[in-house]
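Q: Dropping the structure in here first, questions after.
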Amino acid sequence: MRKTVLSKLIQGERAVVLDISGGMRERLNDLGLIKGTAVTCVRKSPLGDPVAYLIRGAVIALRSEDSSCVTVKI
Amino acid sequence: MRDCQNINKKHGSVIALGGNPNVGKSTLFNGLTGLRQHTGNWPGKTVATAYGYCSYDQKEYIVVDLPGCYSLAAHSAEEEVARDFIRSGQADAVIIVCDATCLERNLYLALQTMEITPNVVVCVNLMDEAEKKKIKPDLTAISEKLGVPVVGTTARGKKGLDALMRAAVQVIENPKPRGPLDIQYGGHDGDAAALVSAAEEICRGSITFGDRDYIKNDTKTDRFITGKWTAFPIMLLALLAVFWLTITGANYPSRLISSLLFWGEEKLLLFFMWLNAPDFLTEMLVLGIYRVLAWVVAVMLPPMAIFFPLFTLLEDVGFLPRVAFNLDKCFKKCRACGKQALTMCMGFGCNAAGVIGCRIIDSPRERLIAIITNNFVPCNGRFPTFIAIISMFFAGASAGSGAALPSAALLTCFIVLGVVTTLIVSNILSKTALKGVPSSFTLELPPYRRPQIGKVIIRSIFDRTLFVLGRAAAMAAPAGLVIWLMANTAVGGVTLLARCSGFLDPFANHLGLDGVILLAFILGFPANEIVIPIIIMAYMAEGSILELSSLSALKQLLTDNGWTWITAVSVMLFSLLHWPCSTTCLTIRKETQSLKWTLVSILVPTLAGIAVCFMFAAAAKVLT
């Protein structure tokens, strides 16, 4: 197990959410992202940011500023 | 389709449709009401509540389509609309439409709704997609756990709609108190997390997944569409292809329609002569109103009838959210929202629609930026101007279909220029009048879906083409009258038209234009489509009358009036960068609720246009 933030995930990597900090928490909660949710990094956009994640069956793109507020374990 | 804040309940009970974006809510709405309403593949297509009627079991029901949202927490304007409507108690039943392929997340909204009202029906839509992906939700089990009816549907194939209405009617006629739900609120993760966990708990054991690799096909496509090296070339190629098809396809029907309508003009003249109508009336009606109308129809109808379906197809497939995904970083650098790429795309159709579409942007600051800069993408009313000028001056009017490709390429360059201007102006606004840092951004990339080609064509022709054409025609008729009157009313021996254009001439010359062109842009305020017809009428009124049967005759008329390639480029630049049309201005006023921002939205593109045209004209003078 390794602790990191969502934005550091590489393509194809899967992680479980430990904590969400900052003002994005409610927004991410609404998308089904809470403590314990499994997230897969699906792909990076051509300019490297945003990055698309697979969250509960849906593909959601997040900017690095926001995804760096999500602590995960791999 | 009408906006509704307060619905007259006399017509029957009210059923509200809520749900996440991209779950086929609008398709379901169309299926239930038979009312055509545009559905798209990006979040926030339904930007206002729309309603229609539906009869079931010999009773009338009012079905309200709420904007798609992920939550009722009111983070954005759309969520506020949805929440306020459900809270107001106007709905006798609320159907929450869910995506069968990601039910867990969708049930969150259903649970939130059930906190407000017990009269909820959960509609599990996209059952066909779920089947393809081998996802099998056990609807009976979910219904038992939720304590509300759960109905499976495939809105595209109109499957399950009857059962859905039956369930909704049952809820209306026998309202029950809330079911056996037990949610553990008050955990330190907050209520939202409690609801998400509850949704997870409900789905646990009630959904079987056959093959978890279903996402792989989309990943393959995305590797190209959003690939590091392929994304931008593909976007440009798509734009080029759309324009090429539009120009090539519109060429022949445009000529056919215009010869037909000018034949009609002759017959109409003969008819008036036979009636012994006074000369001024004949000329006013035929040469004033009819001619401008004929031009607008001939020039606009064919490109629109091709462009709109093509664009709708791109929407339907799921291409546009990827464009936003690709371009987001550019917008972030300019401290704006990536969803501005979507509102920009809507602007291609109609800037007023683009401005309304800006509601999908959560941050008020970023929304204003998107509204102010929306006019930098040329709407469908301006495309005919570009296409006509490009084919006359740059791609060779006499050349046949071989000229379509260079025309399309040039048009693409102009669009790219518009996009670059959007970014630059957004950046300037972010550093001056609308200071701030980019806010958070979430964008769902829906799965690629096979477009419903037949429906797309019908829908885009009826909903968009005829609507826009009708509006343009309604504006063209009075404008034709005004210009004819101006050309035929003399004050002190000089016509009003000559006076006005003469007055504007010195200023217009600095922009590489002439007085007539600038006057045409001013008179074209009601609708951009009529700019070129006004220019033609003004030139023809001042000099020789000639047959305008072809583009080469038109080019002759323009060059006789002093047009060069510099004038042509200047007109296109000014068309790209000038004040929004009246409809767009009114929409901006309505959306921003502020006269100040409406004025800013008029001034910013106008000043940009004046600056760019001035610089271009000055540079051209030095070069030639």
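The values are calculated or read from the model by the stated rules, or taken from the named source; none is laboratory data. Nothing here was measured: the structure is a model prediction, and the numbers come from that model. Because the Cβ atoms are built from the backbone with ideal geometry, glycine has one as well, and the counts that use them run over all protein chains shown.
Q: Test B:L481 against the stated conditions and say whether it is under 28 Å from B:L411 (Cβ atoms) and either buried (at least 21 other Cβ atoms within 10 Å of the Cβ) or of a type outside the set (S, T, N, Q) (or both).
A: When the stated conditions are applied, B:L481 does not pass them.
Q: As an exercise: evaluate A:S21 against (1) more than 8 Å from every other protein chain (Cβ to nearest Cβ); (2) under 10 Å from the mean Cα position of the chain (by Cα) and give the number of the one condition it does not meet.
A: (2)
Q: Based on what the data block shows, is B:G160 in contact (Cβ under 8 Å) with a residue 12 or more places away in the chain, at positive phi and surrounded by 15 or more Cβ atoms within 10 Å (Cβ to Cβ)?
A: yes
Q: Please indicate, with yes or no, whether at least one residue in the stretch B:67-79 is over 26 Å from the mean Cα position of the chain (by Cα), surrounded by fewer than 24 Cβ atoms within 10 Å (Cβ to Cβ) and over 30 Å from B:K216 (Cα atoms).
A: For the stretch B:67-79, residues over 26 Å from the mean Cα position of the chain (by Cα), surrounded by fewer than 24 Cβ atoms within 10 Å (Cβ to Cβ) and over 30 Å from B:K216 (Cα atoms): present.
Q: Also, quick follow-up: For the stretch B:99-111, which positions are crowded, with 24+ Cβ neighbours inside 10 Å, out of contact with any Lys or Arg (no Cβ under 6 Å at 6 or more places or on another chain) and more than 12 Å from B:E129 (Cα to Cα)?
A: B:L103, B:N106, B:L107, B:Y108, B:L109, B:A110
Q: Next up: Cβ contacts < 9 Å: first residue under 21 Å from B:V23 (Cα atoms), restricted to the stretch B:111-124; second residue of a type in the set (S, T, N, Q) and not in a loop (DSSP other than H, G, I, E, B), any location; separation 6+ or different chain. Result?
A: Qualifying pairs under 9 Å: B:V120/B:T113; B:V121/B:Q170; B:V122/B:N106; B:V122/B:S143; B:V124/B:N106.
Q: Continuing with the same structure: Would you point out the residue of the stretch A:51-72, among those that are in a helix (DSSP H, G or I) and crowded, with 19+ Cβ neighbours inside 10 Å, that is nearest to the other protein chains (Cβ to nearest Cβ)? Full working, then the answer.
A: Kept after step one, since they are in a helix (DSSP H, G or I), are these residues of the stretch A:51-72: A:64-67.
Subset that is crowded, with 19+ Cβ neighbours inside 10 Å: A:66-67.
Details: A:D66: 5, A:S67: 10 Å.
Looking at residues that are in a helix (DSSP H, G or I) and crowded, with 19+ Cβ neighbours inside 10 Å, I get A:D66.
Q: Restricting attention to the stretch B:458-465, does a residue exist that is small (G, A, S) and either within 14 Å of chain A (Cβ to nearest Cβ) or within 27 Å of the chain's Cα centre (by Cα) (or both)?
A: We begin by selecting, within the stretch B:458-465, every residue small (G, A, S); these are B:460.
With the extra rule that they be either within 14 Å of chain A (Cβ to nearest Cβ) or within 27 Å of the chain's Cα centre (by Cα) (or both), the set shrinks to B:460.
Yes, the stretch B:458-465 has at least one match.
Q: Please go through the stretch B:321-370 and pick out each residue that is out of contact with any Phe, Trp or Tyr (no Cβ under 8 Å at 6 or more places or on another chain), among the charged types (D, E, K, R) and within 14 Å of chain A (Cβ to nearest Cβ).
A: If the condition is that a residue be out of contact with any Phe, Trp or Tyr (no Cβ under 8 Å at 6 or more places or on another chain), among the charged types (D, E, K, R) and within 14 Å of chain A (Cβ to nearest Cβ), then B:R322, B:K329, B:K333, B:R335, B:D362, B:E366 are the ones that fit.
Q: Have a look at B:G264, B:G227, B:G249 and point out the one that is under 24 Å from B:C413 (Cα atoms), more than 24 Å from the chain's Cα centre (by Cα) and either more than 14 Å from chain A (Cβ to nearest Cβ) or not in a helix (DSSP H, G or I) (or both).
A: On inspection, the qualifying residue turns out to be B:G227.
Q: Here is a list of conditions, (1) under 30 Å from B:N326 (Cβ atoms); (2) within 14 Å of another protein chain (Cβ to nearest Cβ); (3) in contact (Cβ under 8 Å) with a residue 60 or more places away in the chain; (4) of a type outside the set (K, R), and B:I234 meets all of them except one; can you say which number that is?
A: (3)
Q: From the set of residues in the stretch B:432-457 that are closer than 19 Å to B:R156 by Cβ and in contact with a Ser or Thr (Cβ under 7 Å, 6 or more places away or on another chain), which is nearest to the other protein chains (Cβ to nearest Cβ)?
A: Result: B:Y448.
Q: Could you list, ordered by first residue, the pairs with Cβ atoms under 6 Å in which the first is in the stretch B:249-264 and free of Cβ contacts under 8 Å to residues at least 12 places away in the same chain and the second is among the β-branched types (V, I, T), at least 6 apart or interchain?
A: Listed by first residue and then by second, the contacts come to nothing, as the list is empty.
Q: While we're looking at this one, here's another question. Could you check the stretch A:41-50 and list, in sequence order, the residues that are at the interface with another protein chain (Cβ under 9 Å from one of its Cβ atoms) and either more than 22 Å from B:T230 (Cα to Cα) or in contact (Cβ under 8 Å) with a residue 12 or more places away in the chain (or both)?
A: A:V42, A:R43, A:K44, A:S45, A:D49, A:P50 - these are the residues of the stretch A:41-50 that are at the interface with another protein chain (Cβ under 9 Å from one of its Cβ atoms) and either more than 22 Å from B:T230 (Cα to Cα) or in contact (Cβ under 8 Å) with a residue 12 or more places away in the chain (or both).
Q: In the stretch A:24-40, what residues are of a type outside the set (S, T, Y), surrounded by fewer than 19 Cβ atoms within 10 Å (Cβ to Cβ) and more than 7 Å from every other protein chain (Cβ to nearest Cβ)? Before the answer, list the steps.
A: To start, the set of residues in the stretch A:24-40 that are of a type outside the set (S, T, Y) comprises A:24-36, A:38-39.
With surrounded by fewer than 19 Cβ atoms within 10 Å (Cβ to Cβ) added as a condition, the list becomes A:26, A:35-36, A:38.
Once the filter is applied, which keeps residues that are of a type outside the set (S, T, Y), surrounded by fewer than 19 Cβ atoms within 10 Å (Cβ to Cβ) and more than 7 Å from every other protein chain (Cβ to nearest Cβ), the stretch A:24-40 yields A:G36, A:A38.
Q: So which helices (runs of 4 or more DSSP H) stay within the stretch B:74-176 end to end and still have 1 or more residues that are more than 19 Å from B:V63 (Cβ to Cβ)?
A: Where helices (runs of 4 or more DSSP H) fall fully within the stretch B:74-176 and carry at least 1 residues being more than 19 Å from B:V63 (Cβ to Cβ), they are B:77-87, B:103-116, B:127-132, B:139-146.
Q: Next question. Please specify each residue of the stretch A:1-23 satisfying the condition of being assigned to a loop (DSSP other than H, G, I, E, B) and surrounded by fewer than 19 Cβ atoms within 10 Å (Cβ to Cβ).
A: Residues satisfying the conditions are A:M1, A:R2, A:I10, A:Q11, A:G12, A:E13, A:S21, A:G22, A:G23.
A quick yes/no check of all residues on (1) at pLDDT below 90; (2) crowded, with 22+ Cβ neighbours inside 10 Å; (3) over 15 Å from B:E591 (Cα atoms); (4) touching a helix residue (DSSP H, G or I) at 6+ places or on another chain (Cβ under 9 Å):
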position: B:L327; (1), (2), (3), (4): no, yes, yes, yes
position: B:C330; (1), (2), (3), (4): no, no, yes, yes
position: B:R335; (1), (2), (3), (4): no, no, yes, yes
position: B:A352; (1), (2), (3), (4): yes, yes, no, yes
position: B:I369; (1), (2), (3), (4): no, yes, no, yes
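Q: Turning to a different aspect of this structure: Looking at the stretch B:433-453 only, could you name the residues that are outside any loop (DSSP other than H, G, I, E, B) and at positive phi?
A: Passing the criteria: none in range.
Q: Tell me whether the stretch A:18-36 contains one or more residues that are among the polar types (S, T, N, Q) and under 17 Å from B:C102 (Cβ atoms). Step through it out loud before you land on a result.
A: Filtering the stretch A:18-36 down to residues among the polar types (S, T, N, Q) leaves A:21, A:29.
If we keep only those that are under 17 Å from B:C102 (Cβ atoms) as well, we get A:29.
The answer is yes; a qualifying residue exists.
Q: Here's a follow-up. Would you confirm, using the coordinates I've provided, whether B:S430 is in a loop (DSSP other than H, G, I, E, B), surrounded by 15 or more Cβ atoms within 10 Å (Cβ to Cβ) and touching a residue at least 60 places away in the same chain (Cβ under 8 Å)?
A: Taking the combined requirement at face value, the residue does not satisfy it.
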